[in-house]
Amino acid sequence: MDEDFKKLQEVAKNLAHKNRLNEYVKYGHVAAALMTDKGNIYSGVAITCTCQIGFCAEHSAIAEMLKNGENRIVKIVAMNSNVPVPPCGRCREFIRMVNEENMEASVMIEEGKSVKLRELLPYAWTLDSFDK
Ligand SMILES: [Zn+2]
């Protein structure tokens with residue numbers, strides 16, 4: 001398997017633990033790790049409140065990346081415990097919006113299998129869609 005994905009899976013696995021902060025908030029049930037075009041790795045965890053406020057692990061990994069002045073993702077994986085899970089539709093759009101070139105990012109969708117984001121998001125909307 002791709003060594004970079006192995007490394008990303010390890011980073012995410014080490015963060016993917018079911019944690020309960022209090023009666024309202026759980027976090028870390030899903031964790032994500034991404035690699036940028038500079039070879040840096042950023043990670044994040046999902047946070048979910050009882051009232052359904054929250055965000056995906058990919059969102060927090062992307063926030064960490066942006067905080068460090070980067071936005072070009074080459075590989076990304078999210079882990080639910082030891083199992084890679086594909087990004088939800090919102091995350092697919094979010095990954096694209098932070099940098100259009102992220103359509104070429106490799107996304108692990110199941111153990112040992114990755115696809116380009118463009119394959120997961122074949123009809124992405126653009127601002128041009130509203131000008132017609
Ligand atoms: Zn998501």
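Placing +1 on the Cβ of each Lys and Arg and -1 on the Cβ of each Asp and Glu in the chain, which of 105, 130, 63 has its Cα farthest towards the positive end of the resulting dipole? Going by the charge dipole, the pick is 63.
Mean sequence separation of contacting Cα pairs (under 8 Å, at least six apart), scaled by the length of region 6-132, corresponds to a relative contact order of 20 percent.
When the listed pairs 6/116; 18/38; 26/113 are checked against a 26 Å cut-off, the alpha-carbon distance exceeds it for 18/38; 26/113. Shape summary of region 3-127, radius of gyration then Dmax from alpha carbon positions: 13.8, 40 Å.
If R0 is taken as 35 Å, the Cβ-Cβ distance between residue 20 and residue 63 corresponds to a FRET efficiency of 0.95.
Spacing of the modelled spin labels on residue 37 and residue 119, each 7 Å from Cα toward Cβ, amounts to 2.2 nm. Mind running the shape call on region 50-116? Use the C-alpha gyration tensor, a ≥ b ≥ c as the square roots of the eigenvalues: rounded below 1.5 for a/c, prolate if a/b tops b/c, oblate otherwise. Oblate is the answer for region 50-116, as a/c is 1.5 or above yet b/c matches or exceeds a/b.
Rule-based calculations on the coordinates, nothing more; no lab input. Predicted model, so just to flag it, every value in this text is computed and none were measured. Using ideal geometry, Cβ is built from the backbone for each residue, glycine included, and neighbour counts are taken over all protein chains shown.
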